[in-house]
Every structure is written in C-alpha cells, then in structure tokens.
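Novice: Take this structure first; my questions come after.
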There are 2 protein chains.
Amino acid sequence: MLAARRLLISSATKKRYYATAQALEETTGGGDAPFFPSEPSGPFMKTTVPGPESKRIMKQLDNYQDTRSIFFIADFEKSIGNYIMDADGNAMLDVFAQIASIPIGYNNPAFLNLAKDPAFQTALANRAALGVSPNKDWVDSVEKAFMRVAPVGMSNVFTVMCGSCANENAFKTAFMYKAAKRRGDKDFSLNELQSCMNNQAPGSPDMSILSFSRGFHGRLFGSLAATASKAIHKVDIPAFNWPKAPFPELRYPQHLHQDYNQQMEQQSLHEVEQLLNKHDVAAIVVEPIQSEGGDNHASPHFFRQLQAICKKNDILFIVDEVQTGVGATGTFWAHEAWDLPTSPDMVTFSKKFQAAGFYLNQRLRPTQPYRLYNTWMGDPVRAMQAAAIVNEIHDKQLLDNVKSVGNYLQHHLNDNRKLESVRGQGAFIAFDLESPKKRDQFLTDMRQLGVNVGGCGDKTVRLRPMLTFQKHHADILLDTMERAL
Amino acid sequence: MLAARRLLISSATKKRYYATAQALEETTGGGDAPFFPSEPSGPFMKTTVPGPESKRIMKQLDNYQDTRSIFFIADFEKSIGNYIMDADGNAMLDVFAQIASIPIGYNNPAFLNLAKDPAFQTALANRAALGVSPNKDWVDSVEKAFMRVAPVGMSNVFTVMCGSCANENAFKTAFMYKAAKRRGDKDFSLNELQSCMNNQAPGSPDMSILSFSRGFHGRLFGSLAATASKAIHKVDIPAFNWPKAPFPELRYPQHLHQDYNQQMEQQSLHEVEQLLNKHDVAAIVVEPIQSEGGDNHASPHFFRQLQAICKKNDILFIVDEVQTGVGATGTFWAHEAWDLPTSPDMVTFSKKFQAAGFYLNQRLRPTQPYRLYNTWMGDPVRAMQAAAIVNEIHDKQLLDNVKSVGNYLQHHLNDNRKLESVRGQGAFIAFDLESPKKRDQFLTDMRQLGVNVGGCGDKTVRLRPMLTFQKHHADILLDTMERAL
C-alpha cells in the first residue's frame with residue numbers, strides 16, 4: 001500500500017492561479033468561494049487504484065456481473081462535491097463524473113434535502129405510469145424541470161428512461177411525422193397496417209436517420225445504427241441501412257486553421273446533400289460536440305448550414321445533447337452557441353439532467369395517441385431532481401462558473417506543449433496525446449495521483465468536470481497533469 | 001358532480017365470500033387479515049372519472065405533453081394499498097396498477113421506510129455509472145434484489161433502465177454469442193470491423209430474433225421489430241426483417257379443448273421450425289402469457305417443446321417476463337410453471353420489479369468488455385426497492401396470497417356466463433367481452449363505479465391486481481362487475 005500523501009498545490013500552480021484570478025473575477029463578477037466548504041483541500045491517496053478493498057468487492061461482484069470496465073468501487077456516502085471517495089479511503093478529484101452524468105457535485109445539499117420532501121417520498125414510493133395516471137404534481141415538475149430551461153421556441157417535452165431511449169423516441173417521432181406528411185389527410189391503408197405486422201414495407205418503410213461518422217447516439221438497435229464512434233460497439237449487431245456523412249475533421253485551435261476547417265465542413269455538408277439524394281431520410285441527428293467519438297467540434301456556421309439543408313429538404317433536425325446539455329459548455333444547451341435562426345426540431349437529453357427525454361414542438365405530436373408511449377414514460381423522481389438541478393444552476397450562477405473556469409482551463413491547456421489539439425466549449429474540454437497507449441497510461445497515472453479522468457476517441461482525454469468545478473480544482477488538475485505527463 | 005357514494009358489498013357478494021372463505025383458508029393456512037388496515041373499506045366516488053380537477057390539470061399538462069392516453073390524475077400521497085385516490089378525491093380499487101407495475105401496494109411502509117435509510121439517500125443523491133464505479137453496497141443490492149430470486153440455474157444479471165432496454169440488451173447478447181460461436185477462436189476480421197461502421201454485412205449481420213404473432217416486447221427499434229401486438233405501435237417505423245411465428249390461438253378453458261389446443265400448439269411449433277430454415281435466428285423470445293397482445297396462454301408442454309427446438313438448433317431461448325414476472329402468476333417467475341429441464345438462456349424483467357434487466361449465464365458474457373454497457377447500467381435506487389419487494393413478498397407470503405385470491409377469482413369468473421374465454425395463471429387473469437366497443441364501455445363503466453381496470457388485445461379485459469390484492473378486494477371487483485355488465 002502506498003503511503004498516504006496529500007497533494008498540495010505547487011508554487012507554479014499558485015502563481016498561475018493568482019495571475020489570472022483577478023482578470024477572471026472582473027468578467028464573472030465573483031470570487032472563488034468554494035461551493036462545498038467541507039471538500040478536501042486536495043486529493044488524498046492511501047492505496048493504488050483500484051485498492052485492495054475495491055478489488056475484493058469487484059471479485060465478489062464478478063460472480064454476477066462483468067466487472068472488466070470498473071475503475072474502482074466508490075464510497076458515495078463519503079464523497080463530497082467534486083471529490084469521489086473510493087472503498088479504500090482514497091479521495092480523488094473527479095473530472096469524469098460518472099461518465100459526465102453528475103451535475104452539481106456529490107451529496108449536494110439540494111439533492112439531500114429533496115429526500116426529506118414529502119412530495120419526493122410520495123413519488124419514490126409510488127411509481128407512476130405517466131401516460132395513464134400521473135400524480136397531481138407532475139405538471140409542476142414538467143414546468144420546473146423541463147420547460148423552465150426549454151430551448152427557445154420548443155414547447156413540448158417527452159420523457160423516457162435513458163439517453164438511448166430519448167434518441168430512439170425522437171427518431172420514431174421523425175418517422176411518424178414524415179409518413180403522416182406524405183399520407184396527408186388519408187388514414188393508414190390496410191396494406192400498411194397488415195405489412196407492418198410482418199416488419200415489411202409499406203407499413204415498415206425503408207426510411208433512414210442520417211448521422212455522422214464518429215457520432216455516438218446510444219447502444220440500442222435504432223440508436224446504435226446511428227452510432228459510428230467505435231466498431232466494438234457495433235460489430236455483430238444487426239443494423240439498419242442508415243447512412244453516415246463524414247463529420248468534419250477539424251484542426252485545432254480552430255482560429256489558426258480557418259480555411260482548412262471551412263473546407264472540411266463544406267465537404268461534409270456536400271456529402272450530406274449527396275446522401276439525401278440516395279436515401280429516404282426522415283431526420284438528421286448530430287451532437288454539438290461528438291463526445292464518445294473523440295470530442296470533435298464543428299463551427300456554429302456548420303450547424304446553421306446543416307439546419308438550412310434540413311429545412312430545404314423537409315427533414316427534421318435533431319440535436320443530441322445527451323452529453324453536452326445541462327450547462328457543461330457554459331450555456332444550458334450547447335447549441336445555444338450556434339445562433340440558429342429557429343430552434344432545432346428536437347433536442348434530446350439525459351445524463352447530467354438525471355431525467356432523460358427530448359424537447360419537441362406540438363406540430364410533431366403524432367395524430368393518433370399511444371404511438372409515443374410506454375409504461376413509465378420517464379421517472380417523476382428524476383424529474384424532481386432535474387428541477388433541483390435547474391434551481392441550483394440558477395441560484396449558484398453555475399453557468400458563469402463554468403464559463404470562467406472553462407476559460408481558465410482552456411487558456412492554460414493551450415499553453416501546454418505536451419498536449420495536442422486542445423479544444424473546448426466552456427468546461428467541456430479535450431486534448432490528444434501522442435498515441436492510444438500513452439493516453440491510457442496517462443489516465444491510469446492520473447488516477448494514481450488522485451485525479452479521476454476519462455478518455456474518448458482513440459487518443460483523446462476528455463475533461464468532464466461537474467458544474468461546481470472551480471478554479472482551485474482546475475489548479476489541482478493542471479498541477480497533477482504536469483506531474484503525470 | 002355526482003353525489004358522493006360509498007359502494008358497499010352487496011349481500012350476494014357477501015354470501016359468495018363466506019361460502020368459499022373456509023375452503024380457501026384450509027389451503028392457504030391463513031385468514032384474510034388485511035395487509036393495509038387503513039385502506040378504505042370500498043371505493044368512494046365523488047365525481048365522474050376524470051373529474052373536474054383531473055381535467056383542469058390535464059388541460060394544463062396538455063400544453064407540454066400529449067394527454068390523450070391519461071385516465072385521470074392521481075393523488076398518490078392519499079393512495080393506499082390497493083386503492084388509488086385521484087385529484088378529485090375519488091378512491092378507486094386499482095386492478096390496473098400503473099399498467100401492471102405496482103408490486104406491493106401504494107405507500108407500502110416497506111417503501112416509505114426505505115426513504116429514511118441513509119444508504120438509500122446516498123444512492124439517490126449520487127447516481128452511479130455502475131460499469132465504472134458502483135458504490136460499495138451495489139453488490140449487496142445485486143444479491144438481495146436479483147440473485148435471491150434468480151431463476152434456478154441462472155447466475156448473472158445485467159441491469160438497465162426499462163423493459164424495452166432489457167429485451168434489446170438480451171437480443172444483443174444473443175447476437176454476440178452466436179457470432180462469437182461461429183467465429184471460434186478467431187478475432188474480428190478487418191472487414192467486419194470496417195463494414196459495421198457503415199451498418200453493412202458482414203460486421204452488421206443479417207441475423208434475426210424470432211418472436212410470435214401478438215407478442216409484445218417493447219417499443220424501441222429492436223424490441224418493436226419483435227413486437228406484433230397492434231399495428232398502431234409499428235406502422236411508419238422502420239423494422240428489421242425478423243420473422244414471426246403464429247402464437248397458438250387456444251380455446252378456453254384449456255381443459256375443455258385439449259385436442260384442439262394441442263393441434264394449435266403443434267402447428268405453431270411446426271411453423272417455428274420452418275422459419276428457422278429460412279432465417280438466421282440467434283434467439284427466440286416469448287412471453288409466458290402474451291399480455292399486451294390479449295392475454296394469450298399456451299401450455300407448459302408448448303414451452304418445453306419450444307426450448308427443445310432452441311437447443312436442437314443452437315438458438316438461445318429468451319423468456320420475456322416484463323409483465324408476468326415478480327409474483328403475479330403465483331410463482332415469482334411465470335415460467336416456473338413450465339417445469340423446464342434446464343433454465344431459459346435469458347429471462348428479462350421490469351415493471352413490478354421497479355428495476356429492469358435480464359438474467360443470463362456466465363457463458364453468455366461477451367468475450368470483450370464494453371459491449372454490454374451504457375452510462376447508468378441500471379439504477380441503484382430501484383434495485384434497493386427491488387430488494388424491499390423481495391423481502392415483502394417473503395415476509396407477507398404474498399405468493400400464497402396471489403395463488404389463493406387467483407383461484408378464488410378464476411372460480412367465480414368462470415361461473416359468469418356474460419364473460420368469454422376466462423383464462424388465468426394465479427391472479428394474472430383475463431376474459432373477453434363481445435366486442436371491442438363493449439369492452440371499452442365496460443372499462444369506462446367500471447371506473448365510474450370505482451374500480452380501475454385495463455384492457456389488452458381487441459376485446460379483452462386484463463386483471464392486474466397488485467400482490468397485496470386480497471379476497472375482500474376480489475369480492476368488490478366481482479360485485480362491481482355484476483353491476484357494470
């Protein structure tokens with residue numbers, strides 16, 4: 001077992017911090033008072049990770065479940081704010097956050113207090129089938145959790161249980177909308193109703209969702225057909241013949257490669273238009289930043305053009321904000337940065353919102369009931385948590401915090417010559433290392449030094465801090481990176 | 001507004017109850033002491049359903065969500081045991097139970113007490129990515145919730161977020177298993193890895209899941225391709241060319257139609273074997289009782305034969321217990337009644353277990369990690385509730401209760417000449433009315449009389465009482481039915 005050691009902020013880091021703090025304070029109008037005063041002042045490591053107790057529990061769990069993907073066993077009771085404690089008593093600064101899904105820190109009082117709320121306890125003890133008999137306070141949750149932060153111009157929300165379910169129900173909505181438009185005022189034909197029961201056309205039409213190379217939209221059969229981040233997710237699983245356009249492969253930093261990047265984006269958009277001639281596409285789905293596929297960015301102009309192509313071709317424009325949504329980029333929704341002339345047709349969410357689903361407009365509601373439907377249609381408990389998240393983001397001005405710490409982090413990462421292709425939007429930041437092997441080693445080393453970080457793509461490190469990640473955390477991260485590299 | 005009226009048990013019902021109570025007590029060794037002493041003694045109706053307050057809330061909610069499928073707005077805080085209270089103060093005996101998904105009654109103390117448990121509060125405030133860093137008590141939940149009631153011979157469990165996700169991950173497991181078996185010791189070919197990224201063979205193979213006509217396995221793209229209960233669920237949505245075998249259309253009561261039914265079952269099995277010659281099938285999926293599709297039964301012999309066909313053809317046998325599981329048929333899993341020589345290959349669950357997922361055997365684990373994987377991989381909160389459900393079923397001997405009240409209900413329903421094709425297993429009971437229109441009218445009338453019941457298939461009424469539904473509730477149900485018919 002390693003000797004216990006507390007990682008202190010190096011003097012180099014201190015200088016960096018104080019040099020920029022004043023400038024940033026001016027832009028955010030606030031200091032760096034900790035959101036979690038009882039957080040550790042830094043990582044505290046007692047053992048290697050995973051330690052002996054993690055390994056013991058993993059061995060027991062492996063009798064029932066595959067444990068090969070587990071980093072370590074957590075002790076959530078003792079975790080606090082941006083620090084995750086493991087079963088061996090190691091406290092790590094968490095910049096992975098349960099695959100980018102913890103919004104406002106571990107054991108945030110806003111969540112702990114919810115547990116005492118009688119309405120929350122009622123929702124927990126009585127799980128509603130929301131399409132049959134929602135509780136009388138469900139409409140309040142919808143307003144306080146989802147409508148309060150609805151993308152401009154989007155008036156409806158459909159809730160489900162996970163990100164894959166969100167995307168697949170958005171896809172279904174697109175297919176139903178497109179088919180209904182073609183059908184006009186006519187009812188379903190007998191042939192359609194009969195053929196679909198055997199999974200045959202015309203009832204089961206050969207329509208597509210167009211997505212992008214390196215995109216990730218989930219792992220169920222429809223969402224997986226739209227996914228193209230890694231072969232290991234897809235191989236051996238039957239897929240629909242849905243097309244993939246090449247996502248632009250930009251060079252970073254973007255402002256130094258504008259001509260090249262513009263060319264890449266134009267090629268991508270050209271290929272999109274070509275594919276629309278070959279396939280019967282109901283919708284295009286795209287992530288604002290391709291996350292699982294390697295944190296690949298494109299310009300606001302690219303996305304505006306993409307929406308324009310959709311409009312021109314009468315195709316729906318679905319923005320998958322499962323990983324980018326809920327504040328990580330400095331705006332509540334990442335696509336706010338695009339300055340679109342009108343809202344997307346659908347915006348999907350999950351992860352940091354705790355609740356999953358998608359926004360849509362009333363015109364996309366299927367003409368017949370029971371077509372967008374399932375038993376639970378979401379989870380009132382998670383919707384109440386989503387409302388608490390929205391409150392916390394507002395009360396603590398967490399978007400300002402994300403912008404400020406994101407600027408600070410990006411600035412210092414850009415200065416680090418050991419890192420390739422630093423790119424980011426707010427605190428949603430990534431960089432590449434030389435090779436997949438070096439990246440993997442870096443992630444392991446960081447964990448041993450008390451900072452939990454994750455990878456994506458082939459050789460990318462993705463930073464996914466919670467919205468409560470502050471400049472003093474960023475200094476620890478930067479300092480630990482220097483030691484690990 | 002209707003005058004308030006309390007529905008009292010008619011003297012006819014009383015006679016029926018006392019005549020059979022003694023006999024049933026002998027078989028169950030227990031009386032009919034109420035599980036919920038503070039339940040209303042019967043339905044209490046103040047308004048029509050939906051009443052004015054339900055309508056007001058539905059109108060507000062309809063700004064954001066489609067409300068056409070909503071029966072009424074619930075007041076879960078005031079609901080208790082087998083009685084659901086609505087927003088207008090109507091107390092209804094609930095024999096629909098949030099589409100068969102409430103296991104042990106509204107506001108069961110076992111659930112209410114959980115909310116006070118610090119471990120439960122920790123799980124609520126810190127949602128784990130279970131494939132990355134589960135909490136140190138997750139393995140306990142797995143043992144206490146899932147392994148304690150695992151079907152005999154099944155050692156592993158994979159948890160997800162909903163029933164459709166459970167089935168789709170079981171399908172993926174079957175495809176990966178079949179492909180790995182064919183591949184033998186070889187690694188993936190470059191061609192496989194490249195072609196799957198474009199959704200093309202050989203990486204995305206043309207393999208199938210075989211399911212049955214009138215089956216329901218979910219509403220996402222893979223599960224919907226296996227579903228064939230109603231055209232409205234499927235029309236306009238692209239589907240895989242997966243085959244459907246005819247599910248036997250039995251006559252009820254089964255013991256009066258043995259020859260005919262055997263013939264139907266043999267025809268179905270014959271067709272299954274024919275389809276296996278035409279399609280590359282990785283697995284057969286079947287419900288023990290086709291629920292959404294009309295409560296269609298088959299004999300234990302049929303299912304044993306089906307498993308034998310799977311074994312002979314090296315195909316996996318998946319039993320979809322999303323609606324039948326967790327005690328409703330009088331055994332924890334409905335397929336226990338089949339007396340299979342070996343366990344199914346996978347058993348999927350959701351609904352009444354609150355947690356969703358599927359059982360499998362270790363040999364079905366993919367050779368490579370991250371292939372059965374997603375962000376949350378289930379929900380620790382719902383797993384803790386599942387453990388509480390298992391405890392409650394054990395402590396209160398709820399399976400005995402289900403058997404007893406199921407016998408009682410089936411006996412009296414069989415005597416009712418106005419009902420067609422009464423069939424059931426435990427308290428999982430259904431009957432037909434003359435026409436879809438009469439069935440729909442019956443459901444509406446029952447609700448006005450204070451009993452919440454649902455339909456399935458075209459003209460079927462499905463009874464889905466909770467496991468805490470007792471003989472005195474059955475008497476109210478039977479009595480109300482007499483008045484409604």
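The values are calculated or read from the model by the stated rules, or taken from the named source; none is laboratory data. From a predicted model like this one, the values you see are computed outputs, not experimental measurements. When we count neighbours, we look across all protein chains shown, and the Cβ atoms used for this are built from the backbone with ideal geometry, even at glycine.
Novice: Specify which of the listed residues (A:VAL319, A:VAL281, A:VAL285) is more than 12 Å from the chain's Cα centre (by Cα), closer than 25 Å to B:ASN374 by Cα and at pLDDT 95 or above.
Specialist: Exactly one of A:VAL319, A:VAL281, A:VAL285 is more than 12 Å from the chain's Cα centre (by Cα), closer than 25 Å to B:ASN374 by Cα and at pLDDT 95 or above, namely A:VAL285.
Novice: Can B:PRO341 be described as over 30 Å from A:ARG68 (Cβ atoms) and surrounded by fewer than 23 Cβ atoms within 10 Å (Cβ to Cβ)?
Specialist: Against the criterion (over 30 Å from A:ARG68 (Cβ atoms) and surrounded by fewer than 23 Cβ atoms within 10 Å (Cβ to Cβ)), B:PRO341 qualifies.
Novice: Please determine, by comparing only the residues of the stretch B:103-122 that are among the aliphatic types (A, V, I, L, M) and at the interface with chain A (Cβ under 7 Å from one of its Cβ atoms), which one is surrounded by the most Cβ atoms within 10 Å (Cβ to Cβ). So that I can check it myself, show each step before the final result.
Specialist: To start, the set of residues in the stretch B:103-122 that are among the aliphatic types (A, V, I, L, M) comprises B:104, B:110, B:112, B:114-115, B:119.
Those still in the list that are at the interface with chain A (Cβ under 7 Å from one of its Cβ atoms) too: B:112, B:115.
Working: B:LEU112: 14, B:ALA115: 18.
Ranking the qualifying residues of the stretch B:103-122, first place goes to B:ALA115.
Novice: Here is a follow-up. With the condition kept exactly as written, say whether any residue in the stretch B:169-189 is more than 9 Å from chain A (Cβ to nearest Cβ) and touching a Gly at 6+ places or on another chain (Cβ under 7 Å).
Specialist: Checked the stretch B:169-189: no residue is more than 9 Å from chain A (Cβ to nearest Cβ) and touching a Gly at 6+ places or on another chain (Cβ under 7 Å).
Novice: Which of the residues that make up the stretch A:257-276 are without any contact (Cβ under 8 Å) to a residue 12 or more places away in the chain and either within 14 Å of another protein chain (Cβ to nearest Cβ) or outside any helix (DSSP H, G or I) (or both)?
Specialist: Selection gives A:HIS257 alone.
Novice: Does the stretch A:361-373 contain at least one residue that is in contact (Cβ under 8 Å) with a residue 60 or more places away in the chain and closer than 26 Å to A:GLY455 by Cβ?
Specialist: No, the conditions are met nowhere in the stretch A:361-373.
Novice: Being part of a strand (DSSP E or B) and not acidic (Asp, Glu) is the requirement here; does B:ALA298 meet it?
Specialist: No.
Novice: Now, a different point. Filter the stretch A:154-197 down to the residues that are of a type in the set (Asp, Glu) and either at positive phi or not in a loop (DSSP other than H, G, I, E, B) (or both), then identify the one that is surrounded by the fewest Cβ atoms within 10 Å (Cβ to Cβ).
Specialist: A:GLU192
Novice: If you don't mind, there's one more thing I want to ask. Can you name the number of the only condition in (1) in contact (Cβ under 8 Å) with a residue 12 or more places away in the chain; (2) surrounded by fewer than 23 Cβ atoms within 10 Å (Cβ to Cβ); (3) not hydroxyl-bearing (Ser, Thr, Tyr) that B:ASP295 fails?
Specialist: (2)
Novice: One residue is enough: does the stretch B:233-256 have a residue meeting the conditions in a strand (DSSP E or B) and of a type outside the set (D, E, K, R)?
Specialist: Looking through the stretch B:233-256, at least one residue is in a strand (DSSP E or B) and of a type outside the set (D, E, K, R).
Novice: Please go through (1) at pLDDT 95 or above; (2) within 7 Å of chain B (Cβ to nearest Cβ); (3) out of contact with any Lys or Arg (no Cβ under 8 Å at 6 or more places or on another chain); (4) surrounded by fewer than 24 Cβ atoms within 10 Å (Cβ to Cβ) for A:PRO134 and return the number of the only condition it doesn't satisfy.
Specialist: (4)
Novice: Anything in the stretch A:194-232 that is within 7 Å of chain B (Cβ to nearest Cβ) and within 18 Å of B:LEU193 (Cα to Cα)? List them, or say none.
Specialist: First, the residues of the stretch A:194-232 that are within 7 Å of chain B (Cβ to nearest Cβ): A:196-199, A:203-207, A:219-222, A:225, A:228, A:231-232.
Passing the criteria: A:ARG219, A:PHE221, A:ALA225, A:ALA228, A:ALA231, A:ILE232.
Novice: Among the candidates B:THR348, B:THR375, which residue alone is farther than 21 Å from B:SER155 by Cβ, in contact with a helix residue (DSSP H, G or I) (Cβ under 8 Å, 6 or more places away or on another chain), β-branched (Val, Ile, Thr) and crowded, with 22+ Cβ neighbours inside 10 Å?
Specialist: It is B:THR375.
Novice: While we're looking at this one, here's another question. Restricting the search to the stretch A:65-83, which residues are facing chain B (nearest Cβ under 7 Å) and out of contact with any Ser or Thr (no Cβ under 7 Å at 6 or more places or on another chain)?
Specialist: Of everything in the stretch A:65-83, those that are facing chain B (nearest Cβ under 7 Å) and out of contact with any Ser or Thr (no Cβ under 7 Å at 6 or more places or on another chain) turn out to be A:GLN65, A:ASP66, A:ARG68, A:SER69, A:ASP75, A:SER79.
Novice: Would you be able to say whether some residue in the stretch A:142-150 is without any contact (Cβ under 8 Å) to a residue 40 or more places away in the chain and within 8 Å of chain B (Cβ to nearest Cβ)?
Specialist: Checking the stretch A:142-150: at least one residue is without any contact (Cβ under 8 Å) to a residue 40 or more places away in the chain and within 8 Å of chain B (Cβ to nearest Cβ).
Novice: Being under 21 Å from the mean Cα position of the chain (by Cα), of a type in the set (A, V, I, L, M) and over 19 Å from A:SER69 (Cβ atoms) is the filter here; which residues of the stretch A:418-466 pass it?
Specialist: Across the stretch A:418-466, the qualifying residues are A:VAL422, A:ALA427, A:ILE429, A:ALA430, A:VAL451, A:LEU463, A:MET466.
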